[in-house]
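To keep things clear, I will list the structure first and then write my remarks on it.
The values are calculated or read from the model by the stated rules, or taken from the named source; none is laboratory data. Keep in mind that what you see is a predicted model, and the values were worked out from it rather than measured. As a convention, Cβ positions derive from the backbone with ideal geometry for all residues, glycine included, and neighbour counts pool all protein chains shown.
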């Protein structure tokens with residue numbers, strides 16, 4: 001398997017699906033001549049032309065609304081919203097029009113669209129360009145939410161999303177574009193709603209997704225080396241649909257859980273994961289579940305303050321150690 005950057009894996013998925021299916025086209029701000037804010041559409045304008053790689057005005061509502069209409073008319077649009085923070089402007093188009101469409105028309109229509117967006121902190125671009133808003137969309141029935149952590153998952157899941165019949169929010173963490181990893185050669189896809197156990201362990205389960213899945217794995221390796229603590233790490237990959245069975249199987253084995261998310265702590269998607277664990281595996285818990293989440297504050301621009309308000313490997317390690325040392 002070749003080593004590829006995350007952005008290259010995204011571009012490869014887009015290109016392969018555009019070659020496979022003439023109904024697939026791209027639209028969004030600066031995705032054409034410029035090649036995308038993070039390079040994920042670089043070269044596609046030159047290869048496929050302005051009809052299939054469409055630069056748009058700076059209007060998130062227009063981009064999303066156009067994608068909804070195109071999908072209803074039989075196309076397979078892949079729209080890009082440059083930062084997930086700006087999805088707030090397109091909430092009606094996505095959460096009301098796209099997500100509810102099949103239900104409201106009694107299953108006679110589908111909206112096979114993908115909305116790519118970049119989320120998360122790490123670039124010191126402050127409160128309106130650094131958020132993790134995935135939980136908002138998990139609350140809207142009728143749409144899927146996908147957040148891959150590795151180049152291989154980015155490619156395999158994006159190809160699956162483009163072929164799916166439902167509206168999907170595909171979240172790419174902006175700090176992952178420069179990450180490299182093995183990507184399988186040739187045609188491959190990854191099914192939606194299937195989590196990935198990235199490290200086997202017996203003493204504690206760490207559940208996360210996106211960039212924090214990588215930080216959780218980093219923390220688990222550190223604790224294995226320094227503390228002799230054996231953690232199992234689960235990368236959810238998809239937040240809607242959620243592979244809760246994978247999480248429950250692990251919890252029944254380890255008896256301890258740390259839930260990690262970069263999103264704001266209040267009403268975080270990990271609250272839902274924790275409740276489902278409580279409902280289905282409470283008797284297996286040996287200690288109260290722990291959360292390591294973003295602080296309930298706007299993301300600061302200062303690098304030092306930004307690090308302070310989001311999870312780090314050290315914060316994850318601290319939560320795990322507290323759990324493992326917990327006395328019943």
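Brief remarks follow.
- For the range 24-55, the candidate set comprises residues that are on the phi < 0 side of the Ramachandran plot and in contact (Cβ under 8 Å) with a residue 60 or more places away in the chain; within that set, the residue that is surrounded by the most Cβ atoms within 10 Å (Cβ to Cβ) is 40.
- Residue in the range 232-240 that is touching a residue at least 12 places away in the same chain (Cβ under 8 Å) and more than 17 Å from the chain's Cα centre (by Cα) present: yes
- The number of residues in the range 109-127 being farther than 16 Å from residue 66 by Cβ and assigned to a strand (DSSP E or B) comes to 2.
- Residue count for the range 45-73, restricted to those that are in a helix (DSSP H, G or I), within 23 Å of residue 111 (Cβ to Cβ) and touching a strand residue (DSSP E or B) at 6+ places or on another chain (Cβ under 7 Å): 7
- Top-ranked residue in the range 74-92 [being within 20 Å of the chain's Cα centre (by Cα) and either on the phi > 0 side of the Ramachandran plot or assigned to a helix (DSSP H, G or I) (or both); ranked as surrounded by the most Cβ atoms within 10 Å (Cβ to Cβ)]: 84
- Criterion violated by residue 206 - all others in (1) surrounded by fewer than 18 Cβ atoms within 10 Å (Cβ to Cβ); (2) touching a residue at least 60 places away in the same chain (Cβ under 8 Å); (3) in the same structural domain as residue 269 (by TED's automatic domain parsing) satisfied: (1)
- Residue that is nearest to residue 129 (Cα to Cα) [pool: residues in the range 282-310 that are out of contact with any strand residue (DSSP E or B) (no Cβ under 9 Å at 6 or more places or on another chain) and crowded, with 18+ Cβ neighbours inside 10 Å]: 299
- Residue pairs meeting the criteria (Cβ under 7 Å; at least 6 apart or on separate chains; first part of a strand (DSSP E or B), in the range 1-23; second surrounded by fewer than 16 Cβ atoms within 10 Å (Cβ to Cβ)): 2/185; 3/180; 3/182; 4/180; 5/178; 5/180
- Residue among 305, 285, 323 that is more than 17 Å from residue 203 (Cα to Cα) and either at pLDDT below 95 or more than 22 Å from the chain's Cα centre (by Cα) (or both): 305
- Residue that is assigned to a loop (DSSP other than H, G, I, E, B), surrounded by 16 or more Cβ atoms within 10 Å (Cβ to Cβ) and either on the phi > 0 side of the Ramachandran plot or in contact with a helix residue (DSSP H, G or I) (Cβ under 6 Å, 6 or more places away or on another chain) (or both), where the choices are 186, 106, 142: 142
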